[in-house]
Amino acid sequence: GVIVNEGSGNVWQVVSVTGYGFTPNHLRYTYNSASAANTWFFTQGISLTAGQDYTVSYDYGGTGATYEEKLKVSYGTSATAAAMTTVLADYPNVVNATPNSDMQTFTAPADGVYYIGFQAYSDADKFYLHLDNIAVDVALSVGDVENVAAFTYYPNPVKNTLTLNAQNTIEQVAMYNMLGQEVLRATPNTITSDLDMSQLQNGTYFVKVTIANVTETIRVIKQ
């Protein structure tokens with residue numbers, strides 16, 4: 001990964017100490033008595049596939065309630081602060097003195113190389129912020145129940161109306177554009193659903209269809 005300082009505070013450092021539940025070779029931000037933190041740790045670039053769900057997991061923690069720390073998790077297409085356009089999580093009040101494990105799931109908006117960024121932005125004159133065990137995985141779907149979520153959809157490309165047909169109740173449909181913005185959401189609770197795409201701009205969309213608590217993603221082209 002890469003460590004970048006965007007401010008006048010200190011930077012993330014890899015430390016070989018044990019403390020606050022973290023073992024050697026974890027990332028630690030150490031307070032600066034005069035300046036707030038604005039330092040980023042970027043993971044190595046990871047090739048992601050459009051429409052696929054990914055999970056980023058990590059452990060984070062501070063030193064207790066006396067010194068609250070601040071951490072933000074984002075992702076983007078280069079290892080720069082300016083590219084971190086999508087915030088996955090924001091922790092403006094980190095007061096745990098032992099590791100907190102958390103994970104965020106996101107959908108890659110397009111094929112490409114992505115970077116996960118962890119920003120320490122604690123106020124000046126706090127204490128330590130810790131980070132470790134960062135991992136990115138393909139979000140797991142439940143293989144055994146995939147077949148209950150089987151459905152068909154047509155037409156593709158679509159002009160006005162996309163029709164979904166399923167063997168079980170379609171609980172939820174969410175449509176996203178290539179920027180990852182949600183443009184349509186429905187909760188049909190029927191086995192057939194017609195989605196009105198007539199007002200949407202031409203282009204590629206990802207449709208997440210949830211059936212029997214299983215979510216499948218399809219790619220649809222609007223013409």
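Quick one: count up the residues across the stretch 90-130 that are small (Gly, Ala, Ser), under 29 Å from Ser8 (Cβ atoms) and in a strand (DSSP E or B). Break it down into steps so the answer makes sense when it comes.
Taking the stretch 90-130 as the starting set, the residues that turn out to be small (Gly, Ala, Ser) are 97, 101, 108, 110, 112, 117, 120, 122, 124.
This time we only want the ones that are under 29 Å from Ser8 (Cβ atoms), so: 97, 117, 120, 122, 124.
In the following step, the residues that additionally are in a strand (DSSP E or B) were identified as 117, 120.
Qualifying residue count, the stretch 90-130: 2.
Condition (residue is buried (at least 20 other Cβ atoms within 10 Å of the Cβ) and either closer than 28 Å to Gly180 by Cα or basic (Lys, Arg) (or both)) applied to the stretch 75-83: is it met by at least one residue?
The answer is yes, given that some residue of the stretch 75-83 is buried (at least 20 other Cβ atoms within 10 Å of the Cβ) and either closer than 28 Å to Gly180 by Cα or basic (Lys, Arg) (or both).
Among the candidates Ile221, Ile211, which residue alone is modelled with pLDDT of 85 or more, open to solvent by 50 Å² or more (accessible area, probe 1.4 Å) and aliphatic (A, V, I, L, M)?
Answer to the check: Ile221.
What are the residues in the stretch 14-35 that are open to solvent by 50 Å² or more (accessible area, probe 1.4 Å) and more than 13 Å from Gly62 (Cβ to Cβ), if any?
Val14, Ser16, Val17, Thr18, Thr23, Pro24, Asn25, Ser33, Ala34, listed by residue number.
Please find, among Asp102, Asp53, Asp111, the residue that is acidic (Asp, Glu), closer than 16 Å to Leu131 by Cβ and either buried (at least 17 other Cβ atoms within 10 Å of the Cβ) or touching a strand residue (DSSP E or B) at 6+ places or on another chain (Cβ under 8 Å) (or both).
Just a single option satisfies the conditions, and that option is Asp102.
Find the residue count for the stretch 28-67, including only residues that are within 22 Å of Ala124 (Cα to Cα) and of a type in the set (Ser, Thr, Tyr).
10
Residues are listed down the side, and each one gets a yes or a no for (1) more than 30 Å from Glu216 (Cα to Cα); (2) in contact with a Lys or Arg (Cβ under 7 Å, 6 or more places away or on another chain):
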| site | (1), (2) |
| --- | --- |
| Val94 | yes, yes |
| Thr98 | yes, no |
| Ser101 | no, no |
| Thr107 | no, no |
| Ala110 | no, no |
| Ile116 | no, no |
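The values are calculated or read from the model by the stated rules, or taken from the named source; none is laboratory data. Keep in mind that what you see is a predicted model, and the values were worked out from it rather than measured. Virtual Cβ from ideal backbone geometry, glycine too; neighbours counted across all protein chains shown. Side chains included, ligands, DNA and RNA excluded: accessible areas come from the protein's heavy atoms. Shrake-Rupley method; radii C 1.70, N 1.55, O 1.52, S 1.80 Å.
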